[in-house]
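**Q** Structure below; questions to follow.
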Amino acid sequence: MPQRIVIIGAGFAGMYSALAARRLISQNGRDQDIETVVIAPEPTLAVRPRLYEANPGTMAAPLGDLFTATGVKFIQGVAKTIDTKMRQVGVVNTGGDAAVVDYDRLILAAGSQLRVPNVDGLKQHSFNVDQLHSAIALDQHLHSLPRAPDCPARNTVIVCGGGFTGIELAAELPARLRSILGQDTETRVIVVERNPTIGPGLGPSPRPEIQKALDGYSVELKLGVAVTSVDAGGVVTSAGERIEASTVVWTGGMVATGLTQQIPGEKDGLGRLVVDENLRVAQTKHVFATGDAACAVTDEDGHTAMMSCQHALVLGRSSGHNAAADLLGLPNRPYSQPDYGTCLDLGPNGAVVTAGWDRQVVFTGSQAKSVKQFINTTLIYPPPADAKEAFAVADPDYKLPNLEPPPVPVAVKA
């Protein structure tokens, strides 16, 4: 009976874990001896970094042909339980039937979810762009607004949170609202951020570019205040201000999949499993964690991976390789990702690219926008359904293409 690597999750880290494992197994001629199985609700990759954009329903890439071409087996269902003593995953399929999947090595790549605090009315009356279905729900709601009476509340969107996602969404919304409500409609986009500065986690270097972009779109900022309650007609802030709005979007912080709590091992403040340099859970040697489920050290300076696509892609390559290497009796290859950069979308007219953990600005405006467009439309999408090409990009030593912008800025949408 073949040994089995089970991967929970088909996001960026899960997909590349599967491809990297299959790559090493195939290279060593052990295709018949070791299975690679992915468990996920759908055989698709939700392009989560793009869910702040319009038309989120188009932002899911099919994985079925890619898995077939590379020998990855797929089980459609939701992983509900993990028994690390019996080495079993309990799965419930789309019909509600339960099954048990045995494993020899487990890779937890089930990602993260939006942290929703206990704010009165928030769960009942807000939207978010955390998952594909929730981003689609927001998009459908926005497109339903023209059927409501024209009033200030209808034409106002409140973005709760001025972090990375909140900034990208707020910069996108003014043009998006005008395309739905009419170019002459007076709309308001308001960001409510409890910290005294916009983008508090991004540091001071990109802040002038962020501020300039949001000012250019007439996005209003209410800084140093928090949302204390939400209802169908708007929000109340900690300053006692009532803001009328038909649309409230929560973009607060993230927390790791709850499945991490079923695996013995140290967790960080985000619920992520603390892993060693090979992405193994120290207290549970046959379990690897990756992507947003892993607290992994990226470099010799002690930085830890962010909950980001940028880190998930590399973490997935490493976890899949190392899980397969374990079963093949080969040396593990330590995870390392010393280079760090960010590319923040700033709406139709630009973006900002930074380098390093101190986020020093490298490119802005249309130059940065061309980089962001390449990332969002090409770099983060799955490889072709061809084993040779897929295995080439699943190599842990794969180097990303140069992200220098072209010498002549590309055109961006008006």
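The values are calculated or read from the model by the stated rules, or taken from the named source; none is laboratory data. Treat the numbers as computed from the prediction; the structure is a model and nothing was measured. Backbone-built Cβ (ideal geometry, glycine too); neighbour counts: all protein chains shown. The accessibility values were calculated without ligands, DNA or RNA, using every heavy atom of the protein model including side chains. Shrake-Rupley method; radii C 1.70, N 1.55, O 1.52, S 1.80 Å.
A quick yes/no check of all residues on (1) closer than 21 Å to G166 by Cβ; (2) without any contact (Cβ under 8 Å) to a residue 40 or more places away in the chain:
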{"residue": "H321", "(1), (2)": "no, no"}
{"residue": "N332", "(1), (2)": "no, no"}
{"residue": "D339", "(1), (2)": "no, yes"}
{"residue": "T342", "(1), (2)": "yes, no"}
{"residue": "G356", "(1), (2)": "no, yes"}
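**Q** Every residue in the stretch 107-133 that is buried (at least 18 other Cβ atoms within 10 Å of the Cβ), within 21 Å of the chain's Cα centre (by Cα) and not charged (D, E, K, R), please.
**A** Of everything in the stretch 107-133, those that are buried (at least 18 other Cβ atoms within 10 Å of the Cβ), within 21 Å of the chain's Cα centre (by Cα) and not charged (D, E, K, R) turn out to be I107, L108, A109, A110, G111, S112, S126, F127, N128, V129, L132.
**Q** Oh, and also: Output the number of residues of the stretch 228-246 satisfying the condition of being out of contact with any His (no Cβ under 6 Å at 6 or more places or on another chain), in a strand (DSSP E or B) and open to solvent by less than 30 Å² (accessible area, probe 1.4 Å).
**A** Here the count works out to 5.
**Q** Follow-up question, since we're still on this one. Suppose we filter V249, V225 for residues that are open to solvent by less than 50 Å² (accessible area, probe 1.4 Å), in a strand (DSSP E or B) and touching a strand residue (DSSP E or B) at 6+ places or on another chain (Cβ under 7 Å); which single one remains?
**A** Going through V249, V225 in turn, just one is open to solvent by less than 50 Å² (accessible area, probe 1.4 Å), in a strand (DSSP E or B) and touching a strand residue (DSSP E or B) at 6+ places or on another chain (Cβ under 7 Å): V249.
**Q** Do any residues in the stretch 43-58 that are free of Cβ contacts under 8 Å to residues at least 60 places away in the same chain have Cβ atoms under 6 Å from those of residues that are of a type outside the set (D, E) and outside any loop (DSSP other than H, G, I, E, B), where the two are at least six apart or on different chains, and which pairs are they?
**A** Within 6 Å, the pairs are P43/G64; P43/F74; T44/A60; T44/P62.
Residues are listed down the side, and each one gets a yes or a no for (1) more than 21 Å from the chain's Cα centre (by Cα); (2) assigned by the TED database to the domain that holds T290; (3) surrounded by fewer than 22 Cβ atoms within 10 Å (Cβ to Cβ); (4) of a type in the set (S, T, N, Q):
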{"position": "A20", "(1), (2), (3), (4)": "no, yes, no, no"}
{"position": "T44", "(1), (2), (3), (4)": "no, yes, yes, yes"}
{"position": "A54", "(1), (2), (3), (4)": "no, yes, yes, no"}
{"position": "R87", "(1), (2), (3), (4)": "yes, yes, yes, no"}
{"position": "Y103", "(1), (2), (3), (4)": "yes, yes, no, no"}
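**Q** Can we say A137 is open to solvent by 60 Å² or more (accessible area, probe 1.4 Å) and closer than 30 Å to Y16 by Cα?
**A** Here the answer is no, as A137 does not meet what is asked.
**Q** So, one more: Test of understanding: among P348, P401, P405, which residue is at pLDDT below 95 and in contact with a Phe, Trp or Tyr (Cβ under 7 Å, 6 or more places away or on another chain)?
**A** P405
For every residue, the table says whether it meets (1) in contact with a Leu (Cβ under 9 Å, 6 or more places away or on another chain); (2) within 21 Å of N128 (Cβ to Cβ); (3) at pLDDT 95 or above.
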| site | (1), (2), (3) |
| --- | --- |
| G252 | yes, yes, no |
| V255 | yes, yes, yes |
| L259 | yes, yes, yes |
| E266 | yes, no, yes |
| V274 | no, no, yes |
| R280 | no, no, yes |
| A289 | yes, no, yes |
